[in-house]
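The values are calculated or read from the model by the stated rules, or taken from the named source; none is laboratory data. Being a predicted model, the structure only gives us computed values, none of them experimental. Cβ coordinates were reconstructed from backbone atoms using ideal geometry, including for glycine residues, and neighbour counts include every protein chain displayed.
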Amino acid sequence: MIRSDFTRKLLQIQRNILCRYTSSDLSKGNIEKLEAAQVSEVIEDELLLKEEELERKRNKSRLKDHHRNMLHDNTPIHEAQFWHQGTLKYLRRLYGRYGAASGVDPALCWPVKAELHDAIEYEQIKYPKTVSELIQEAKINRQENNQRIMERQNDIVKKIEKLEQWKKDLYAKIEKNESEAMAAKERRERLIEEVRRHFGYTVDPRDDRFKELLEKKEKEQKKAMKEARKKAREERMVKKILVTNEAISESNVNDAKLEKVE
């Protein structure tokens with residue numbers, strides 16, 4: 001198709017030149033020069049068209065021209081093809097990416113009065129405090145943060161100082177639990193031995209009579225231990241009351257002596 005168009009254009013050029021200069025005084029050499037100049041222009045145009053056709057055939061991505069330019073980082077098309085390409089925001093972004101090659105007037109990048117007004121109002125609402133107020137607030141926050149850090153460090157130091165005592169308390173508690181568990185085990189073994197002596201012969205611990213008697217012995221033992229704890233608690237209360245009464249009596253005696261002295 002390109003070749004046929006090229007041939008038609010050449011024939012048209014020859015006809016135009018012959019029709020225009022057959023009755024003139026131009027020599028044959030001048031006619032050939034004019035013909036060669038116009039033929040060269042046609043050849044250049046045809047080469048450009050051929051190059052565009054080849055480029056179009058090479059493009060298998062089916063992307064639109066502006067998308068393909070974005071992909072290959074080429075200079076975008078200057079003519080707006082969509083409504084958003086004529087907006088101020090789009091033109092500014094275009095100039096910011098491609099610079100002077102975009103063909104956008106740099107003056108468009110400067111904000112208009114409405115934008116300046118909106119920016120100032122936004123900044124006043126979002127940052128209502130002055131610079132001096134912000135500096136003072138930052139100083140207060142830094143002081144409070146340092147105070148919290150110091151308190152935290154002092155608390156850690158105090159806890160480290162108490163660490164040894166906590167270890168001793170923990171070991172004592174573990175030892176107490178172990179001794180109580182050992183005592184409970186020994187008590188149960190003694191109860192089992194008492195039950196066996198009660199029957200007078202070796203009895204299987206899984207026997208119902210053995211279990212029943214063992215349960216009875218355990219209840220009696222728990223009751224005795226409960227009574228012992230109750231008695232010890234009462235003795236402590238009595239001792240505490242006696243100590244309190246002695247302190248009160250001593251205080252009364254001292255008050256009486258002071259009254260006599262006065």
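Before moving on, here are some points about what is shown:
- Any hit, the range 152-174, residues being in the same structural domain as residue 225 (by TED's automatic domain parsing), of a type in the set (Val, Ile, Thr), surrounded by 10 or more Cβ atoms within 10 Å (Cβ to Cβ) and modelled with pLDDT under 85: no
- Within the range 124-144, being of a type in the set (S, T, N, Q) and under 28 Å from the mean Cα position of the chain (by Cα) holds for 141, 143.
- Number of positions in the range 121-137 that are surrounded by 10 or more Cβ atoms within 10 Å (Cβ to Cβ) and part of a helix (DSSP H, G or I): 8
- Residue within the range 143-164 that is under 30 Å from residue 87 (Cβ atoms) and either part of a loop (DSSP other than H, G, I, E, B) or touching a residue at least 60 places away in the same chain (Cβ under 8 Å) (or both) present: no
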